[in-house]
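Okay, structure first, notes after.
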Amino acid sequence: MRIECAARPEDAGRRADTVLSDLLEGQTRSGVQKLLAAGAVTRAGRPVSKNDRVSAGDVFSVEIPEPESDRAVAQDLPLEIVFEDADLIVVNKPQGMVVHPAAGHADGTLVNALLHHCGESLSGIGGVLRPGIVHRIDRDTSGLLVAAKNDFAHLALS
């Protein structure tokens, strides 16, 4: 989504990142700085940096990216299943595999593999990024991990 905004007279001489965080509703200064670093903000057709000084009446064009999905995506990844029934699944998580999606690890996680294997049968209590996950172990730790396949099992386990 492209947004156009103009600097006000009182913005003259201020840094672009602070002015834009004031002008763009719902954007924090750090969020604006990320947009600036990505080249998503231009003034007169040229990219703007966070330290650029603003003149009254400067018109900025800001390209705000569409929000990323907050739902984990099923992926066909190998799973070593130790036990599975209608209520839970126990897997041997290998060292190096992240348990649930997070910043820097949107895919390739145990949750992505479980979504592929179990489909929609995982408990929803953990939310869209942690379906069925009752506990976790660190990425660099291997071991057995239990995931709930329904809300009753999830509550009983936790």
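For residues in segment 102-129 being touching a residue at least 40 places away in the same chain (Cβ under 8 Å) and surrounded by 16 or more Cβ atoms within 10 Å (Cβ to Cβ), which is farthest from residue 89 (Cα to Cα)? Filtering first and then ranking leaves 112.
If only residues of segment 39-59 that are aliphatic (A, V, I, L, M) and surrounded by fewer than 17 Cβ atoms within 10 Å (Cβ to Cβ) are counted, the one that is nearest to residue 148 (Cα to Cα) is 59.
So which residues in segment 89-111 are under 12 Å from residue 145 (Cβ atoms) and not in a loop (DSSP other than H, G, I, E, B)? Passing the criteria: 89, 90, 91, 92, 93, 110, 111. Any residue at all in segment 66-76 that's assigned to a loop (DSSP other than H, G, I, E, B), under 16 Å from the mean Cα position of the chain (by Cα) and in contact (Cβ under 8 Å) with a residue 60 or more places away in the chain? Looking for residues that are assigned to a loop (DSSP other than H, G, I, E, B), under 16 Å from the mean Cα position of the chain (by Cα) and in contact (Cβ under 8 Å) with a residue 60 or more places away in the chain, one finds at least one in segment 66-76, hence yes.
Summed over segment 43-64, the residues that are part of a loop (DSSP other than H, G, I, E, B), under 26 Å from the mean Cα position of the chain (by Cα) and either modelled with pLDDT of 95 or more or polar (S, T, N, Q) (or both) give a count of 2. Among the residues making up segment 24-42, those that are more than 14 Å from residue 63 (Cα to Cα) and in a helix (DSSP H, G or I) are 29, 30.
The numbered conditions (1) at positive phi; (2) surrounded by 15 or more Cβ atoms within 10 Å (Cβ to Cβ) are all true for residue 31 except (1). Mind telling me which of the residues 91, 99, 62 ends up being open to solvent by less than 60 Å² (accessible area, probe 1.4 Å) and more than 27 Å from residue 152 (Cβ to Cβ)? Going through 91, 99, 62 in turn, the sole match is 62.
Considering 36, 20, the condition of being surrounded by 17 or more Cβ atoms within 10 Å (Cβ to Cβ), within 20 Å of the chain's Cα centre (by Cα) and over 30 Å from residue 148 (Cα atoms) is satisfied by 36 alone. Can you name every residue in segment 1-17 that is in a helix (DSSP H, G or I) and open to solvent by 50 Å² or more (accessible area, probe 1.4 Å)? Across segment 1-17, the qualifying residues are 9, 10.
Could you list, ordered by first residue, the pairs with Cβ atoms under 7 Å in which the first is in segment 131-146 and of a type in the set (Asp, Glu) and the second is surrounded by fewer than 17 Cβ atoms within 10 Å (Cβ to Cβ), at least 6 apart or interchain? Pairs found: 140/95; 140/96.
The values are calculated or read from the model by the stated rules, or taken from the named source; none is laboratory data. Note that the coordinates shown come from a computational prediction; the quantities given were computed from them, not determined experimentally. Glycine gets a Cβ as well: all are built from the backbone with ideal geometry, and neighbour counts include every protein chain shown. Accessible surface is based on the protein model in full, side chains and every heavy atom, while ligands, DNA and RNA are left aside. Shrake-Rupley method; radii C 1.70, N 1.55, O 1.52, S 1.80 Å.
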